[in-house]
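**Q** Take a look at the following structure, please.
The values are calculated or read from the model by the stated rules, or taken from the named source; none is laboratory data. As the structure is a prediction and not an experimental result, all values here were calculated from the model. Glycine also receives a Cβ, built like all others from the backbone with ideal geometry; neighbour counts cover every protein chain displayed. Protein only, heavy atoms only, side chains kept; ligands, DNA and RNA dropped before computing areas. Shrake-Rupley method; radii C 1.70, N 1.55, O 1.52, S 1.80 Å.
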Amino acid sequence: MSYNTKLADRIRETFEHLPDVEEKEMFRGVCFMVNGKMCVCVSGNEMLCRIGADAVEAALENNYVRQMVSNGRPMKDYIYVSEEGFHNQREFDRWIKLALDFNPKAKASKKKK
C-alpha cells in the first residue's frame with residue numbers, strides 16, 4: 001500500500017485535538033474516521049474528503065478536484081483533491097474544515113457482523 005505518509009502525518013496532526021478519531025487502512029491508503037464516520041483519507045498523493053453533496057458541486061469547479069467514483073457510480077458526498085489543491089496551509093485547512101463541518105451530518109456505515 002503506497003500513499004503519501006507526509007500528508008497522512010499532516011492530517012493526523014490536524015486531528016489530534018479531536019476526541020474520537022480512528023485510523024483505518026482502506027482506499028489504497030489510510031482513512032481518518034471521526035465519530036465513527038469516514039471523514040478524510042489519503043490515497044496515493046490525493047486527499048479524499050467527505051464534504052457532502054452540496055459542497056461537492058462547488059468543489060468540482062476546481063481543476064484539481066474530481067468526484068469519487070465507485071463501481072461506476074459517482075459517490076455524491078466525496079471528492080478527491082490532488083496535491084495542487086492543498087499545497088498551501090490555507091487550502092489544506094479549507095478541505096479539512098469542509099470535511100469536519102459535514103461530519104455531524106454524515107451517515108455512519110452499517111457495522112459488519
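**Q** If you take the square roots of the eigenvalues of the alpha-carbon gyration tensor of segment 31-89 and sort them as a ≥ b ≥ c, do you get rounded (a/c under 1.5), prolate (a/b over b/c) or oblate?
**A** It comes out rounded by the Cα gyration axes.
**Q** Go ahead and estimate [θ] at 222 nm for the chain from helices alone: -39,500 (n - 2.57) per DSSP H run with n ≥ 4, summed, over the residue count, rounded to 500.
**A** Mean residue ellipticity at 222 nm (helix-derived): -8500 deg cm²/dmol.
**Q** For segment 22-33, what does the Karplus curve 6.51 cos²θ - 1.76 cosθ + 1.60, with θ = phi - 60°, yield as ³J(HN,Hα) per residue in whole Hz, taken in order and with x for Gly and Pro?
**A** Along segment 22-33, the couplings run 10, 9, 9, 7, 6, 6, 6, x, 10, 10, 9, 8 Hz.
**Q** Number of Lys pairs in segment 28-113 with C-alpha atoms less than 25 angstrom apart, excluding same-chain neighbours closer than eight positions?
**A** Count of close lysine pairs: 18.
**Q** Still on this structure: So what J values fall out for segment 53-66 if you push phi through Karplus, 6.51 cos²θ - 1.76 cosθ + 1.60 with θ = phi - 60°, rounded to Hz, Gly and Pro as x?
**A** Result, rounded to whole Hz: 4, 5, 6, 4, 3, 5, 5, 5, 6, 7, 5, 9, 10, 9.
**Q** Using the Cα centre of segment 52-113 as the reference point, and only Cβ charges (+1 on K/R, -1 on D/E), how large is the resulting charge dipole? Debye, rounded to the nearest 20.
**A** The dipole of segment 52-113 has a size of about 720 debye.
**Q** List the extent of the Cα atoms of the chain along each of their three principal axes, largest first, rounded to whole Å.
**A** 39, 30, 28
**Q** In terms of modelled amide H atoms, which long-range or inter-chain residues lie less than 5 Å from the amide H of Met26?
**A** Answer set, sorted by chain and number: Cys31.
**Q** Next up: Can you work out ³J(HN,Hα) from phi for every residue in segment 37-48, in order, using Karplus 6.51 cos²θ - 1.76 cosθ + 1.60 and θ = phi - 60°, giving whole Hz and x for Gly and Pro?
**A** Once θ is set to phi - 60°, the couplings for segment 37-48 become 10, 4, 10, 9, 10, 10, 10, x, 9, 9, 10, 9 Hz.
**Q** Roll a 1.4 Å probe over the protein heavy atoms and report the accessible area of Phe15 in Å², nearest 10.
**A** For Phe15, the solvent-accessible surface is approximately 0 Å².
**Q** Take the alpha-carbon centre of segment 88-103, take the same for segment 37-78, and report the distance between them in whole Å.
**A** Answer, in whole Å: 13.
**Q** Okay, next question. For the chain, can you list the cysteines whose C-beta has no other cysteine C-beta under 4.7 Å from it?
**A** Isolated Cys, the chain: Cys39, Cys49.
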